[in-house]
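Please treat every number below as a calculation from the coordinates, not as lab data. Just so it is clear, the structure is predicted and the values come from calculations on it, not from any experiment. Because the Cβ atoms are built from the backbone with ideal geometry, glycine has one as well, and the counts that use them run over all protein chains shown.
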Amino acid sequence: MLDYSHEKQAQQQGYRCITGVDEVGRGPWAGPVVAAAVVLDEAHIPAGLNDSKKLSAKKREQLAEQIHQTALAVNIVEVSPQQIDQLNIRQATLLAMRQAVQGLSTTADFAFIDGRDVPPELGCAAQSVIKGDGTVQSIAAAAIVAKVYRDQLMAQLHEDFPHYGWDSNAGYGTKTHQEGLAQHGVTQHHRQSFAPIKALVQQAA
């Protein structure tokens, strides 16, 4: 059940500024990985928060706008395909989440992190929560904000690179994306360390 009980438990332990953190874009072949950190205002939590994957695109956009308007702090970070290639996707994701927390306009003293891993050197106490976007409201808010931001970013990139279907597939390896790669090759927005892209780069060399 998605509610504010995790945050309340942290408050009872003495923490005052509690953030939820999530990332989107681990799996795509193109585009950055994006992480968001959100500090909700307990008195003004948008109604209808849910696991972002269970919401329509329109509902996510509406909620993202409400989160930006009502939250005490929101920070979004993107880590580029080049950084992903240098670090690997897991380390790039941890970097994005750490920077999302550390770049908040208010200093968090506790973070709920979606998934298994707590980023190293986070700078505050933290707890990882598997499938946290379905149980912790702060994480759900972060997931929605990150997803909407990244989808909009990929739609913008689609305008300059229209052959890959990024406005609909967000960089995932769909049939349209594969056909675009076969006909038009690899762009600077592709993750060259990912096996399908790596194979194409090696073929072209």
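Yes/no matrix, rows are residues, columns are (1) free of Cβ contacts under 8 Å to residues at least 40 places away in the same chain; (2) assigned to a helix (DSSP H, G or I); (3) within 17 Å of the chain's Cα centre (by Cα); (4) crowded, with 21+ Cβ neighbours inside 10 Å:
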site: 145; (1), (2), (3), (4): no, yes, yes, yes
site: 155; (1), (2), (3), (4): yes, yes, yes, no
site: 164; (1), (2), (3), (4): no, no, no, yes
site: 171; (1), (2), (3), (4): no, no, yes, yes
site: 179; (1), (2), (3), (4): yes, yes, no, no
site: 182; (1), (2), (3), (4): yes, yes, no, no
site: 186; (1), (2), (3), (4): yes, no, no, no
site: 196; (1), (2), (3), (4): no, yes, no, no
site: 200; (1), (2), (3), (4): yes, yes, no, no
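Where helices (runs of 4 or more DSSP H) sit wholly within the range 14-117, those with at least 1 residues that are of a type in the set (Asp, Glu) occupy 57-70, 81-87. For residue 66, the criteria (1) buried (at least 24 other Cβ atoms within 10 Å of the Cβ); (2) more than 12 Å from residue 143 (Cα to Cα); (3) not small (Gly, Ala, Ser) hold in every case but one, which is (1).
Out of 51, 3, 22, I need the residue that is surrounded by fewer than 17 Cβ atoms within 10 Å (Cβ to Cβ), closer than 26 Å to residue 92 by Cα, among the acidic types (Asp, Glu) and out of contact with any Cys (no Cβ under 7 Å at 6 or more places or on another chain). Which one? Every option except 51 fails the conditions. Scanning the range 116-143 for residues that are surrounded by 20 or more Cβ atoms within 10 Å (Cβ to Cβ) and of a type outside the set (A, V, I, L, M, F, W, C), we see that the one that is nearest to the chain's Cα centre (by Cα) is 133.
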